[in-house]
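Remarks on the structure that follows.
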Amino acid sequence: MLIRLSESNFWTRGGDMSSSIETDFQFSIKGGRLEDFKAFVTTMIEVTKLREPDTLVYEWYINEDGTECHLLEKFKESEAFLTHLGNVGHMFDTLFSLADMTRAKIYGSPSDELKKSLDPLGVEYFYAFNGVTR
């Protein structure tokens, strides 16, 4: 069975299949800084865990040789992401002294306020157009 979505119906809803926002931030860890990076990420995780009930996923993945890392996040909605930025944004200078951000992808339909906050990071935005969420 083939189901075809009406473009007019989809875009009328603003292209938003849900209000959640997901991310994939990619980092290149600077030489000799792996242990410092891991320790600092642990601090960021603790802040997030204690202060942000609407941060649904906050997971860091590292490759086998410890040179590349991905941060996957999922926020209940744009406001939760803004809360997160308020809690950890002041930590970015230290994070970027340990690793270079090589790519930043945002999935979902962020609010204009959130986009304004994220744009300086050079993010790419991807909007849902079809799919299944359970």
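Read-outs throughout are calculated quantities, based only on the coordinates presented, and are distinct from any laboratory measurement. Quantities reported herein were computed from a predicted structural model and do not represent experimental measurements. In this analysis, Cβ positions are derived from the backbone assuming ideal geometry, glycine residues included, and neighbour counts consider all displayed protein chains.
Amide H of R103 versus every other amide H placed in the peptide plane: which residues, excluding those fewer than 5 positions away on the same chain, fall under 5 Å?
Q26
Give a residue-ordered list of calculated ³J(HN,Hα) values for region 117-127 (Karplus: 6.51 cos²θ - 1.76 cosθ + 1.60, θ = phi - 60°; whole Hz; x for Gly, Pro).
My calculation for region 117-127 gives 6, 8, 3, x, 7, x, 6, 9, 9, 10, 10 Hz in order.
For the chain, compute the number of Lys pairs whose alpha carbons are separated by less than 27 Å, excluding pairs fewer than 8 positions apart on the same chain.
Lysine pairs satisfying the spacing and distance rule in the chain number 21.
Just to confirm a number: summing +1 for Lys and Arg and -1 for Asp and Glu over residues other than T48 whose beta-carbon lies under 14 angstrom from that of T48, what do you get?
Details: positive: K49, R51, K74, K76; negative: E46, E52, D54, E59, E73.
With Lys, Arg at +1 and Asp, Glu at -1, the neighbours total -1.
I need to check one value: relative contact order of the chain, counting alpha carbon pairs closer than 8 Å and at least 6 residues apart, in percent.
Working: 200 pairs, mean separation 47.7, N = 134.
Once normalised by length, the contact order is 36 percent.
What is the dipole size for region 44-123, taken about its Cα centre, with +1 at each Lys and Arg Cβ and -1 at each Asp and Glu Cβ, in debye to the nearest 20?
Working: 8 positive and 15 negative charges, 37 e Å.
It comes to approximately 180 debye.
Amide H of E68 versus every other amide H placed in the peptide plane: which residues, excluding those fewer than 5 positions away on the same chain, fall under 5 Å?
HN-HN under 5 Å from E68: I29, N63.
Check A128: other-chain or 5+ apart residues with amide H under 5 Å from its amide H, H built from backbone geometry?
Hits under the 5 Å cutoff: M17, G108.
Just to check I understand the Karplus step: with θ = phi - 60° and J = 6.51 cos²θ - 1.76 cosθ + 1.60, what whole-Hz values come out for region 70-78, glycine and proline as x?
Values, residue by residue: 10, 10, 9, 10, 9, 10, 4, 6, 4 Hz.
Roughly how compact is region 19-126, stated as its Cα Rg over 2.2 N^0.38 Å to two decimals?
On the way: Rg = 13.3 Å, N = 108, 2.2 N^0.38 = 13.0 Å.
Taking the Cα Rg and dividing by 2.2 N^0.38 Å, one obtains 1.02.
Through the Karplus equation 6.51 cos²θ - 1.76 cosθ + 1.60, θ set to phi - 60°, convert the phi angles of region 56-64 into ³J(HN,Hα) values in whole Hz; use x for Gly and Pro.
Whole-Hz 3J(HN,Hα) from phi for region 56-64: 7, 9, 8, 10, 10, 10, 10, 6, 4.
Mind checking region 50-134 for GluC sites (Glu not before Pro) that DSSP puts in a loop (not H, G, I, E or B) and that have at most 10 other Cβ atoms within 10 Å? Let's see the in-between values first.
Working: sites: E59, E64, E68, E73, E77, E79, E113, E124; in loops: E64, E77.
Loop-located and lightly packed - E64.
When K49, K115 are ordered from fewest to most other Cβ atoms inside 10 Å of their Cβ, what list results? Display every interim value, and only then the final one.
Details: K49 11, K115 14.
Arranged by neighbour count, lowest to highest, K49, K115 become K49, K115.
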